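Below is one structure, written out as structure tokens; the observations come after it.
None of the figures in this text is laboratory data; all of them are computed from the coordinates on show. Since this is a predicted model, take the numbers as computed values, not measurements. Cβ: placed from backbone, ideal geometry, glycine included. Neighbour counts: every protein chain shown.
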Amino acid sequence: MASSLSAEIKQRVIGIVQDQYQIELNDFAAEIPPRTELGDLAFPVAFELAKRIKAATGEKKNPREIAAKLAEGLSNIPGVAKVEIAGAGYLNIFFDRAQMFGQLVNSERLADSKQPTDKIIVEHTSINPNKAAHIGHVRNSVLGDTVVRILKATGDTVETHNYIDNTGVQVADVVVGFIHLEKKSLDEIKAIAEREVTSRADSFDYYCWDLYAQVGQWYEEDKSRLEVRAKTLHEIEAGNNATAEIGEYISSKIVDCHLDTMSRLDISYDLLARESEILHLHFWAHAFEKLKASGVIVFENEGRNKGCWVMKAEGEAAEGDVESEHDADKIIVRSNGTVTYTGKDIAYHLWKLGKLGLDFHYRPLRHDHRGHEVWITTGNEAEAATTKTAFGNGTAFLNVIDVGQSYPQANVKKAVMLLAASEEERAKVSRSAHLAYEKVTLSADAAKELGVDAEGAVSMSGRKGLGVKADDLMDRLDANALQEVQARHAELSLAEQQKIAHQIAIAALRYFLLKYTRTSIIAFDFKEALSFDGETGPYIQYSAVRANNIFRKLGRKPEEVQSDFASISAEQVNAFFASESGNDLWSLVYFAARLNDVARLSADAFEPTHVAKYAFQLAKQFNVFYHDHHILSEADESRKTLLLMVADIARRKLELALSLLGIEVPEKM
């Protein structure tokens, strides 16, 4: 609405400038005035034009005169009520409020800003399948899931991946723990994993959490024991042996636990891609030949990296110069012939973009909490689905991985960019990005509530067994929220109370993780996150519930009131917004109308915090409106209908913004 009108105005200005001044404009800035009485859009383009005219012709033009010339050609655009020249040459645009309001009353969803053509593959979560997920993993998953929601809402085709490193050293360490510390057979491990669970602490992923920490201590006591790890890792990578069978079972059971954990946050995936298949289906061998043939990697005959295949940057210093802190990350194949994680990652990403020449085998794994079918890769062609699947073949990829992996991720993108065959391909691949994020800590109060003894903020260390498991965190949030719900709604059944409490708990957690930029370090605090006041998920939920309650008390659905609105004239609507409180009312409506622009900004920047901040600001504005206007007692029926429609627009935009953040609106709070 507002964005499409802004685009139309810009195109008209570009045409006028070309005709009047023979200057080519590609784009120019648009601003939102600080108060609605100053206009809905402001364009400072006349100042830029004055400079360009002087540079091209030497003629000095007054920006205000240029703005007046532009204004002449903008007054007849449908949706524009008037154009004013302000200050030294600003173009201030006033929208036709009745027209835009009518469009907003009848709009049902976020308008797609483009036609979906290309596929973006978003990889997130990707937890090592060796122990329970912790709060840092939750930040990864919530960021990735929210980016997926926003991209889909703004018109992209998205495929969601969860990479499973089921042959890595972390899985090997748990296998070492079961075999060498606990002397367990596969059948005994299965008995532990499949026993009846009466409490969260009895679950298999929790058991492995403790065992993983014990193995770390076991290595510390005797460094020679690391040879056991190396042998175990080799057997897991080789496959078709008893050790590999144990590793396969453990990783599969832990993956099931992780999927159950993430379903509590309403997070889902299309494909689980496993590292074992990348190894056994020889993805790396094919990628290696492509990288060598194209010159993307070179063999070092001397210097620090002698005997290695290395990715070299353009203009890189000679081998005799000072060692870079990232030298190890540039090595793709070590001198002993083993491939690095970066190398395997390049192979995987070539497959993502359909540039490898090989494909996985696939089988359906489970239906998630939404009923959506989740698939997993398999190395066993006999168990693969016979129907053709359409995974991969993306045009770009997004990887949600912690900030510490920035340099290796840059090398992955660089490699696939260098292998792109055409400028068009490179342009599409260039949208690929590493969505780096910082760590999550716990405030001292939160750590204490979860039984962690600490004086300050607590960081996670899975190797030491220090951290907060994601399910423990959500259980505590559920319990705290349930106390609040029971205090407010004792009349509800326990099942209803628990449902609302969980919706509030997830809103608290997701919003807390999303209101900060990705590169901010977060210290999570229960009291702050669950507050019904301030910048929190529950506060925004409460605002949406309050808006819904208006119509519940009215005894009519919003769409029924819309039929009353249809009989109100444009003149009445404009008079409504010209009344004493009209500018304040329009300010709320116009801010609500900007959700599409905010979502597009978030999609382009891969930064969900823009939507999070918008939702909070809209909730604040709505609550001011709610307190200032006694809608249900309004005597003038036409004004009452218009106030109801203002409330409905804010209500729908709030709910839509929350849905982009993965947050539901409870029936009651």
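Data overview
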{"item": "Nitroxide proxy distance, nm - points 7 Å out along Cα→Cβ at residue 192 and residue 86", "result": "6.8"}
{"item": "Cβ-based exposure ranking for 229, 195, in which fewest neighbours within 10 Å come first", "result": "195, 229"}
{"item": "Cα gyration tensor of the stretch 517-572 - equivalent ellipsoid semi-axes, whole Å, descending", "result": "38, 15, 8"}
{"item": "Centre separation in Å (Cα based) which lies between the stretch 32-76 and the stretch 342-385", "result": "54"}
{"item": "Expected-Rg normalisation [2.2 N^0.38 Å, Cα atoms] applied to the chain", "result": "1.12"}
{"item": "The chain: angle of helix 63-72 to the longest principal axis, Cα-based, in degrees nearest 10", "result": "80"}
{"item": "The stretch 517-650 - Rg and Dmax from Cα coordinates, angstrom", "result": "17.1, 53"}
{"item": "DSSP-loop trypsin sites (Lys or Arg not before Pro) across the stretch 67-172, with at most 12 other Cβ within 10 angstrom", "result": "109, 114"}
{"item": "Selection from 516, 473, 272 lying farthest towards where the dipole of the chain points positive, charges on Cβ", "result": "516"}
{"item": "For the stretch 537-660: relative contact order, % (alpha-carbon pairs under 8 angstrom, 6 or more apart)", "result": "42"}
{"item": "Once the Cα gyration tensor of the stretch 2-95 is diagonalised, semi-axes √(5λ) in Å", "result": "22, 14, 11"}
{"item": "Calculated over the stretch 354-429: convex hull of Cα atoms, volume per residue (Å³)", "result": "151"}
{"item": "Per DSSP, loop GluC sites (Glu not before Pro) in the stretch 162-197 with at most 16 further Cβ within 10 Å", "result": "182, 194, 196"}
{"item": "The stretch 331-453 - percent relative contact order, Cα under 8 Å, separation 6 or more", "result": "22"}
{"item": "The stretch 30-63: trypsin sites (Lys or Arg not before Pro) falling in loop per DSSP and having at most 15 other Cβ within 10 Å", "result": "35, 60"}
{"item": "Gap separating the Cα centres of the stretch 161-215 and the stretch 578-624, nearest whole Å", "result": "47"}
{"item": "Check: the stretch 176-306 dipole with +1 on Lys, Arg Cβ and -1 on Asp, Glu Cβ, in debye", "result": "420"}
{"item": "Residue 559 paired with residue 68, simple spin-label distance in nm, labels 7 Å along Cα-to-beta-carbon", "result": "5.2"}
{"item": "Length-normalised contact order of the chain in % [C-alpha pairs under 8 Å, at least 6 apart]", "result": "14"}
{"item": "Given 131/499; 306/330; 439/469; 428/515; 152/352; 51/428, the pairs whose alpha carbons are separated by over 24 Å", "result": "131/499; 428/515; 51/428"}
{"item": "Area projected by the alpha carbon convex hull of the stretch 599-669, averaged over all directions, nm²", "result": "5.6"}
